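Shown next, in structure tokens, is the structure this report addresses.
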Amino acid sequence: MGFTETSNVLIIGGGVIGLAIARELHKKGVKHITLLEKGAVGQESSWAAAGMLGPQAEADEGGVFFDMTVASRDLYPAFAAELLEETGVDIELDRVGTLYLAFTDDDVTEVHERFKWQRKAGLPVEHLSAADARKAEPFISPDVRGALLFPDDWQVENRRLLAALKRYAEINGIEVHENTHVERLIVEEGSIVGAETETGTFHAAKTVLATGAWTSLIKLGIADLPVKVEPVRGQIVAFQTAKRLFQRVIYSRRGYLVPRADGRILAGSTSEKVEFDKSITESAAARLSEIALEIAPSISSLPVADQWAGLRPYAADGLPILGEIAGIDALFIATAHYRNGILLAPLTARIAADRLVGGTDSKYLTEFGADRFSLRRAGTGI
Ligand SMILES: Cc1cc2nc3c(=O)[nH]c(=O)nc-3n(C[C@H](O)[C@H](O)[C@H](O)COP(=O)(O)OP(=O)(O)OC[C@H]3O[C@@H](n4cnc5c(N)ncnc54)[C@H](O)[C@@H]3O)c2cc1C
């Protein structure tokens, strides 16, 4: 099927991925973009996230996924500057860096190994003594035994990012329909021609599925969508301080603290397979407080100001699903970003828009294609 700038694109899902793809398509000159969202835009996983842009802090090896996280992080300075100019919204990209602390023998070994491979790969990382770590962040625990400093692992205020992307859509005539739940994709002769919702049908030349943890609930005609994504709940607690106690994102092997510009300190997070239950729990609050106290005992005197949960979209191998399904035309899937959807949004948007408008290929489409699970099964006979 031919695709021109006057063709229309339907995007299903108004999280960071759907919204970023809408913006990128508009920047490429696509004139008619419609986005359907079952609730309110930007209120699900993308809202619940901690906003860390940290490809290096938790990485034990290189590879295509690691390359993708680094490449997407590197788009952030321009992404933030452009969004500020386009929308007037500052997404608070904070480039002070990330500290990864070691407390136990196992932590010390891990920190040592991570430093070794990343240095060898030429990545920016420094090994700090306990004293230097405490000089960098005076409020961390005296029990710290050493740390890694990742100067290029940053953070962003993800809720402001969502506000900026939503504003971009409003200013630029991207048609957003909230409270519009897509039940099925309409298939005609092997091609997706639109979507059916409770309130009516939307037709489009191309359709993008950016429906996060809910992707597998959508029908492909009368069949199930051959893409398996499941929700993994993550909870965060937030402490409130009058002024900022920490400069950097601070990790241990058990969790992390993210200091926000407004004095909040986020402590995360849990990974729970509880279907589509977004409840917050007391046991998670207790566990996250423990993680926070290990990193910085002074936090014990701070009030817990907030607690929330979100559903991360998870595929069986923990990697994103990007691209088409074999035998189904005019559909692009962008989901399963699991723990890294905020980080991966700018690059995902580019890959999707390049593919939809210009048919451009990418090593990431090859690696993270929607068909990889069925192909692997076919290849191994499982
Ligand atoms: C606690 C926690 C901490 C995290 N921390 C980080 C972090 O520090 N850094 C990072 O990069 N990532 C982080 N993540 C992961 C990140 O939040 C996700 O990977 C990302 O938000 C996924 O974006 P999305 O747009 O695919 O999903 P979502 O934001 O969930 O958006 C999907 C949208 O699709 C809509 N939708 C679904 N089905 C339908 C339908 N049938 N019809 C219409 N609309 C539909 C939903 O309502 C939703 O708004 C974290 C996640 C959690 C939960």
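Structure above, values below:
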item: Of residues in segment 124-176 being β-branched (Val, Ile, Thr) and away from the ligand (no atom under 16 Å from the Cβ), the one farthest from Ile250 (Cα to Cα); result: Ile171
item: First in segment 178-192 and in contact (Cβ under 8 Å) with a residue 40 or more places away in the chain, second anywhere and outside any loop (DSSP other than H, G, I, E, B) and within 9 Å of the ligand (Cβ to nearest atom), Cβ under 6 Å, 6 or more apart; result: Thr180/Leu36; Thr180/Thr197; His181/Thr197; Val182/Ile12; Val182/Leu36; Val182/Ala195; Val182/Thr197; Leu185/Ala195
item: All positions within segment 203-212 that are under 30 Å from Asn340 (Cα atoms) and either in contact with a Gly (Cβ under 9 Å, 6 or more places away or on another chain) or free of Cβ contacts under 8 Å to residues at least 12 places away in the same chain (or both); result: Ala204, Ala205, Thr207, Val208, Leu209, Ala210, Thr211, Gly212
item: Within segment 330-370, considering residues that are part of a helix (DSSP H, G or I) and acidic (Asp, Glu), the one farthest from Leu185 (Cα to Cα); result: Glu367
item: Only one of Glu230, Glu178, Glu188, Glu183 that is surrounded by fewer than 17 Cβ atoms within 10 Å (Cβ to Cβ) and closer than 21 Å to Asp371 by Cα; result: Glu188
item: Segment 201-227, subset buried (at least 20 other Cβ atoms within 10 Å of the Cβ) and among the small types (Gly, Ala, Ser), residue nearest to the ligand (Cβ to nearest atom); result: Gly212
item: Tally of residues being within 13 Å of the ligand (Cβ to nearest atom) and in contact with a Gly (Cβ under 8 Å, 6 or more places away or on another chain) across segment 186-200; result: 0
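Quick note: the coordinates plus some simple rules give every number you see, no bench work behind them. Predicted, not measured: the structure shown is a model, and the values here were computed from it. With ideal geometry, Cβ positions are generated from the backbone for all residues, glycine too; neighbour counts draw on all protein chains shown.
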